[in-house]
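In what follows, a structure is listed as structure tokens, so that the remarks can point back to it.
The values are calculated or read from the model by the stated rules, or taken from the named source; none is laboratory data. A quick note: this is a predicted structure, and the numbers were derived from the prediction, not measured. Heads up, the Cβs are rebuilt from the backbone with ideal geometry, glycines too, and the neighbour counts pull from every protein chain shown.
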Amino acid sequence: MLDMPHKPEPTAERSPGLIHTLGVLRRMVRNPMDAWPSGVYTEDFVRSRLLGHMTLYVCAPELVQQVLVDDADSFIKAEPMRRALEPALGQGILTAEGTRWRIQRRVAAPVFRPATVNGFLPAMIGAARAMGEAWSRLAPGSTIDAGDDMMRLTFDIIVETMLSGRGSIDVARVEHSMRDFLESTGWLAALSAIHAPTWTPFPGKWRAARAHLYLRDMVTARIAERRRTGERRDDLLSLMLDATDPETGLGLDDRDVADNLLTFIAAGHETTALALTWTFYLLSRHPDIEQRVLAEIAAVTGGAPLEAADVGSLTYTRQVISESMRVYPPVAMIVRQPNRRLEVGGVTITPDDNVFIPIYAIHHHAKLWAEPERFDPERFAPEAIKARHRYAYLPFAAGPRICIGMGFALLEAAAILGTLLPAFRLSAAPGFVPTPKLRVTMRPAEGMPLRIEPRS
Ligand code: HEM
């Protein structure tokens with residue numbers, strides 16, 4: 001059995017004629033990973049041209065370091081990404097630049113200090129147990145969509161920890177709206193790549209607009225309620241409403257707060273849900289590794305339900321999660337645009353060009369990983385990590401714009417796996433091969449149908 005049977009079908013590098021351009025755009029809308037040139041899996045960098053604009057795909061860890069870390073000030077988030085995300089997320093921490101970004105990052109930082117994040121563990125475990133209770137009511141042998149269930153679970157956790165609970169939020173509608181919005185991003189990015197005006201129609205545009213409106217109304221109502229009652233909680237919402245930047249004395253207005261709540265809900269639940277979804281799938285295909293995870297959990301908990309204090313000791317489980325995010329990185333690509341002329345890998349790039357960091361391809365790169373398709377958590381043993389270039393592995397990106405929720409996500413994934421895996425066996429149907437599809441995040445195109453049985 002192949003470990004990672006699906007391989008995206010990268011575009012052969014050819015001369016940039018009209019037919020080729022149309023082919024690339026079609027692939028971009030369908031699944032942007034299929035529009036990457038084949039060299040991204042073998043070369044240090046690849047140059048590609050579309051309608052007169054250059055895209056530099058950067059794969060060598062040294063060059064990734066230059067773009068994301070050493071010369072980070074010379075890059076902004078690129079137009080295709082901004083155009084895909086800004087309609088829903090406005091100018092929040094994920095999409096803003098310069099001073100606006102710096103203030104928001106400083107304001108949010110206290111919520112993500114290790115001590116605060118550890119304090120979220122009981123909420124994470126509580127939500128995972130509730131999911132376990134729902135699963136135990138299913139007939140043994142039922143099929144669940146693990147992707148949908150993980151999405152619901154991580155959504156509950158993000159609203160509990162960032163907004164102190166879901167209150168009157170219609171969770172099903174939020175999820176639906178998030179999906180409609182993400183579906184539109186393929187078109188938005190492709191239209192941006194050909195510099196089409198923002199009013200250009202595309203399938204699903206109105207559905208996406210309705211979704212943005214609903215999501216924004218939901219968080220705006222929540223902000224108004226907090227302002228009206230003056231209630232203080234230990235959550236991101238209270239922090240943002242009270243915040244003033246120590247250097248500038250500036251606060252965040254309600255629009256900034258709304259942009260950020262939407263950003264944290266979007267960035268903070270779907271990514272972790274996907275990491276877990278892919279992990280359940282990989283474990284179902286690797287029973288020996290699954291047994292090792294179960295043995296570790298049993299040794300740490302003594303067979304009792306997982307508690308907050310146990311999570312830090314799940315070292316092998318964390319290795320498994322890390323390796324799963326190598327094979328299937330939830331964020332499979334990030335995009336940057338230079339704000340000045342500079343050289344990367346000997347290539348001169350200008351503000352007209354885009355730099356793509358194809359994380360999925362870097363994680364499967366022939367020069368960086370032995371047998372890249374093989375699922376092998378030993379790659380994340382401490383010695384193996386030390387022996388590797390730090391920027392060969394980028395699930396959370398790197399540099400000043402590294403994921404602010406990294407510690408949160410790793411703890412959450414271990415808490416959920418440690419709670420659910422000992423109680424349930426999840427298995428994929430023989431022959432089922434999920435197709436990774438890029439929609440800002442990397443989802444299984446067919447969903448993730450898994451058969452579920454209690455272990456005892
Ligand atoms: C496995 C789960 C996660 C993965 C793989 C992931 C991945 C990433 C990546 C790759 C970026 C950088 C994007 C770019 O530079 O273009 C990012 C940024 C970000 N992530 Fe995460 N993330 C995860 C979980 C979370 C969680 C749980 C939260 C919040 C609770 C969060 C909040 C954010 C925010 C706010 C940013 C923007 C940071 C900035 O620009 O300063 N993420 N994430």
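Annotations
- When the test is whether a residue is within 13 Å of the ligand (Cβ to nearest atom) and of a type outside the set (D, E, K, R), ILE125 does not pass it.
- Strands (runs of 3 or more DSSP E) completely within the range 262-373 that count 2 or more residues being within 16 Å of the ligand (Cβ to nearest atom) and either free of Cβ contacts under 8 Å to residues at least 24 places away in the same chain or more than 18 Å from ARG443 (Cα to Cα) (or both): 334-338, 354-357
- Identity of the residue in the range 387-401, in a loop (DSSP other than H, G, I, E, B) and surrounded by fewer than 13 Cβ atoms within 10 Å (Cβ to Cβ), that ends up farthest from the ligand (Cβ to nearest atom): ALA387
- Residue that is of a type in the set (S, T, N, Q) and part of a helix (DSSP H, G or I), where the choices are THR95, THR161: THR161
- Considered as a group, the residues in the range 436-456 that are out of contact with any Lys or Arg (no Cβ under 7 Å at 6 or more places or on another chain) and in a loop (DSSP other than H, G, I, E, B) include one that is modelled with the highest pLDDT, and that residue is MET448.
- In the range 102-121, residue farthest from the ligand (Cβ to nearest atom) [restricted to those that are out of contact with any helix residue (DSSP H, G or I) (no Cβ under 8 Å at 6 or more places or on another chain) and of a type in the set (A, V, I, L, M, F, W, C)]: ALA115
- The residues listed here are GLU79, GLU160, GLU86, GLU97; of these, the one that is within 15 Å of the ligand (Cβ to nearest atom), free of Cβ contacts under 8 Å to residues at least 12 places away in the same chain and charged (D, E, K, R) is GLU86.
- Residue match in the range 409-426 (condition: modelled with pLDDT of 95 or more and within 30 Å of ASP71 (Cβ to Cβ)): yes
- Some residue of the range 376-386 being surrounded by fewer than 19 Cβ atoms within 10 Å (Cβ to Cβ), part of a helix (DSSP H, G or I), in contact (Cβ under 8 Å) with a residue 12 or more places away in the chain and within 15 Å of the ligand (Cβ to nearest atom): no
- Among the conditions (1) within 14 Å of the ligand (Cβ to nearest atom); (2) surrounded by fewer than 16 Cβ atoms within 10 Å (Cβ to Cβ), the only one that ALA130 does not satisfy is (1).
- Those residues of the range 402-435 which are of a type in the set (A, V, I, L, M), within 15 Å of the ligand (Cβ to nearest atom) and either within 30 Å of ALA139 (Cβ to Cβ) or assigned to a helix (DSSP H, G or I) (or both), in sequence order: MET406, ALA409, LEU410, LEU411, ALA413, ALA414, ALA415, ILE416, LEU417
- Residue in the range 68-76 that is part of a helix (DSSP H, G or I), of a type in the set (A, V, I, L, M), modelled with pLDDT under 90 and crowded, with 19+ Cβ neighbours inside 10 Å present: no
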